[in-house]
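What follows is a short report on a single structure.
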Amino acid sequence: MSDLDLGAYLARIGLDGAFDPNVATLERLHVAHLRHIPFENLDVRLGRAIRLDVEALQEKLVHLRRGGYCFEQNSLFAAALRALGFTVDALEARVRPPEATQALPRTHMVLRVRADGRSWLADVGFGGDGPLRPVVLQDEAIDCEDAAYRVVRESEDVRVLQIRVSGGWRDLYAFSLTPALAVDLEVANHFTSTHPRSVFVQTLTVQLRRAEARHILRGRSYTVRSNKGEIRNELAVEKLPYLLRDTFGIDVPAADVLRAARDSD
């Protein structure tokens, strides 16, 4: 496995200089990553293999200035954190959408990071509802500008990330504290990127956290969510290549975007 080009990664997220492995650095990297590297599943929709080795992640997300989904995003972020001296564990999570009636498989990857004597949940790969900043693993609410988050204990080995909504707290996902093996992540990645019931196989999804708003594309539905409210529009498929280039910074052949959007739920 090739080493990460840390300088190139930092340039990709708009940072430079030396960093100490502390909470301030973790938060700064977390925010910068989310604001520069879009969440997207174009390759999944196009039937292309999703590789998680550092060399492939670096080529796609850094040099080609593409984005990726959770396994790609958090694998790259973990490599950068380790290069800076952080202790990082990859963990597996079960997403808990409000409409779910039973437990879903572990198809999400998150990170546990040690910094300043505490453990933090870091997740740059959850998309629209994810936290902008790391969340401490001690049932302590973190205000992330447009939303508040906390991690609560459900059992000895399970923690749950929650978002504050009107009337209380809503579960986003549950995760095990047992570190995941690389082979387990590869299996989950394969299922999520190829199984016909996977939402990422079914639906084109592109998201980016700008400073002023969250930009979310699902299928042809484009949503801009900010503290001022939410604006949603259904776009003609021909407009999608321009939206991806101008709003999300993804400059790929228009034919690829149109094919990825075809028959998207």
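The values are calculated or read from the model by the stated rules, or taken from the named source; none is laboratory data. Small disclaimer: the values here were computed from a predicted structure and weren't measured. Positions of Cβ are generated from backbone atoms using ideal geometry, with glycine treated the same way; all protein chains shown enter the neighbour counts. Side chains included, ligands, DNA and RNA excluded: accessible areas come from the protein's heavy atoms. Shrake-Rupley method; radii C 1.70, N 1.55, O 1.52, S 1.80 Å.
Some notes on this structure:
- Using a probe of 1.4 angstrom and keeping all protein chains present, the accessible surface of the chain works out to 47 square angstrom per residue.
- In order along segment 156-165, the Karplus-derived 3J(HN,Hα) couplings, from 6.51 cos²θ - 1.76 cosθ + 1.60 at θ = phi - 60°, round to 4, 10, 10, 10, 10, 7, 10, 10, 7, 10 Hz, and Gly and Pro are given as x.
- Signed unit charges on C-beta, dipole axis of the chain, positive-most listed residue Phe175, Val54, Phe19: Phe175
- Ala24/Thr178 FRET efficiency (R0 35 Å; Cβ-Cβ; nearest 0.05): 0.75
- Convex hull per residue volume in Å³, alpha carbons only, for segment 118-202: 126
- Intensity falloff of segment 1-145 expressed as log10 I(q)/I(0), Debye formula with alpha-carbon point scatterers, at q = 0.08, 0.14, 0.15 Å⁻¹: -0.21, -0.66, -0.75
- The accessible surface of segment 119-255, taken with every protein chain in place and a 1.4 Å probe, is 50 percent carbon and sulfur.
- Counting 0.36 nm for each residue step from Val187 to Asp5 and taking away their Cα separation leaves a gain of 62.9 nm.
- Where Rh is the Kirkwood radius over Cα pairs, Rg/Rh for segment 192-256: 0.99
- Per principal axis, descending, Cα span of the chain in whole Å: 51, 44, 38
- Centre-to-centre separation between the Cα atoms of segment 145-198 and those of segment 205-256: 25 Å.
- In sequence order, segment 198-210 has phi-based couplings of 5, 4, 6, 6, 7, 9, 5, 9, 9, 9, 8, 9, 6 Hz under the Karplus curve 6.51 cos²θ - 1.76 cosθ + 1.60, θ = phi - 60°, and Gly or Pro positions carry x.
- Thr194-Asp246 FRET efficiency (beta carbon distance; Förster radius 41 Å; 0.05 resolution): 0.85
- Calculated [θ] (222 nm, deg cm²/dmol) that DSSP helices of n ≥ 4 give over the chain, each run adding -39,500 (n - 2.57): -7500 deg cm²/dmol
- Net lengthening on full extension, Ala148/Val237 (0.36 nm per residue, minus Cα-Cα): 28.6 nm
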